[in-house]
Amino acid sequence: MQASLPTGASAHAFATHPGYRRMFAPDALTLGIFLPLRFFEGDMAVLEGQSALLADIDRQGFAAIWARDVPLFDPRFGDAGQVFDPFTYLAFLAARTQRVSLAIGSAIFSLRHPIDLAKAAVTIDQLSGGRLVLGVASGDRPVEFPAYGLEHSTRGARFAQSVAYFRQLIQPGAGPITSPLGQLSDATLLPRPASGAIPLMVTGSSQQSLEWIGTHADGWLTYPGSTQNVMGPRQLAEKIRAWRALIPGGGFRPHMTNEWIDLSEDPDHPRTPMNGGYVLKTGRKGLIALLTEWRDAGVNHAALGVQFSRRPAREVLQELAEEVLPHFPSHESVAPLRAPW
């Protein structure tokens, strides 16, 4: 590779990036919604009407829509993920929405070539007027790696190599690339990002050290830990502080987390772990308290999954929009770029 590898950027690098700026600001927390809105159990009919609800989410003012990247269904995980390919689906949603950020949580960089990842990502970024925020991960489903002809044990090295290659590809005036993943000269990637950059949000450890994440991530997406009381957010705060202490120059980079919720009709229902702690059942008051604790811990964006809620998705989203979102508004300082496609 080139002697000087691209590293994580400061918030200034994304000052004109509509997707980034809608989601992130220091000392503030915004809300996103993870897809799918209903748990997939073998019938595609469960996704009928989802895009209409996502258009509502856009109008209601949520900060982001998150699509998961799960190439293959492993029954041992019991979760088919987003089902649709996230790049294809977000391109579809770019035409159904106007303001909401389009986030992938997270693209498995260890499985695909960075040229294909960059081509798909920059295409969505252009189609949406600069609204793409790209979560990146090394992959947590071992069955996928031999299906791609790859060794699961090499995912950490491939992830770091792919991040470097991706960043070099989308840089203006990038020179030749020499990487274990390929050699590139006398050719460039088109199109370019709509606002000049695409933020890469590292998920979990992605088989890297905390020092590497501090240096190379444009932001960090981690699991929240315990959410039924304040102890989990306090532990999360320590993790965030340790990471931010390793950011070169100490500049702002955002932290994100997520939770699957079963929102009770009773606003006073206590925060109660369900499904072995995988789902949090709570009333809206408990949810607002949790989100406030996360914000105080240094979290800048919370992605909520409602697929396990027992109430209809439309009803849950409406309550979130009316009763929770006003406490954690999206940032409106940078409008999406014109996308006349």
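What follows is calculated from the coordinates using simple rules that are stated; it is not laboratory data. In this text, all values refer to a predicted model and were calculated from it rather than measured experimentally. Glycine also receives a Cβ, built like all others from the backbone with ideal geometry; neighbour counts cover every protein chain displayed.
Going highest first, how would you order 85-93, 98-106, 333-341 by mean Cβ packing within 10 Å?
Working: 85-93: 20.7, 98-106: 24.7, 333-341: 12.6.
Sorting 85-93, 98-106, 333-341 by mean packing, highest first, produces 98-106, 85-93, 333-341.
The relative contact order of the chain comes to 25 percent, based on Cα pairs under 8 Å that sit 6 or more residues apart.
The stretch 37-101 and the stretch 241-320 have Cα centres lying 18 Å from one another.
Among ARG112, ARG241, ARG131, a tally of other beta-carbon atoms within 10 Å of each Cβ gives an order, fewest to most, of ARG241, ARG112, ARG131. Converting phi to 3J(HN,Hα) with the Karplus coefficients 6.51, -1.76 and 1.60 and the offset θ = phi - 60°, the stretch 30-40 yields 10, 10, x, 10, 7, 9, x, 7, 9, 5, 7 Hz in sequence order, with x at every glycine or proline. What is the sum of charges around LEU150, taking Lys and Arg as +1, Asp and Glu as -1, for the other residues whose C-beta is under 13 Å from the C-beta of LEU150? Within the 13 Å Cβ shell, the charges total +2.
Only bridges whose two residues both fall in the chain count here: according to DSSP, what percent of them are antiparallel, nearest 5? If I count the DSSP bridges inside the chain, around 15 percent turn out antiparallel.
Qualifying GluC sites (Glu not before Pro) in the stretch 241-341, where qualification requires a DSSP coil assignment and no more than 15 other C-beta atoms within 10 Å, comprise GLU265, GLU332.
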